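Report on the following structure.
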Amino acid sequence: MTGVLITYVVPVIHVFACVFLIVVVLLQTGKGADMGAVFGGGSQTLFGSSGAGNFLTKLTTGTAIAFMLTSLILTYAASRAPTSHLLNRLPASSAESGEAPSAEAPAAQEDEGAPPARGPAGAEAPAPAPAEPPAPSSR
């Protein structure tokens, strides 16, 4: 139940708190807005004659507290989550799985000119460089 709460419910509340906080802050009037009313600006009748100061201030405070709490909960949950390391997901090599390579195989490959050895991931190793460059022709 806690995993579902932290994985699904808290992030949804967090996103709604973010959006709602943005809207509430944008609805508030600035400190210099009263100067505009002196020169014929409109009055605030949406929230009543007293304006929206007290109501929007409390709404902003409550939304900010919700935002901070969900941020802390999500941070705590992310730090407690199990981590996956790339090295733990690699397939086991033949040496680690208990299969010992035979001692005759390398000697047979050297003598008979067998195909090149393969790397740990199954990819072919690059072809060896020639021992000596070809002699230039003297024509």
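Every read-out reported here was derived from the displayed coordinates using simple, explicitly stated rules and does not represent laboratory data. All values derive from a computational prediction rather than experimental measurement. Methodologically, a virtual Cβ is constructed for each residue, glycine included, from the backbone with ideal geometry; neighbour enumeration extends over all protein chains shown.
Some observations on this one:
- Per-residue Cβ neighbour counts within 10 Å put Thr2, Thr60, Thr7 in the sequence Thr2, Thr7, Thr60, beginning with the fewest.
- Exposure proxy ranking, count of Cβ atoms within 10 Å, fewest first, for Lys58, Lys31: Lys31, Lys58
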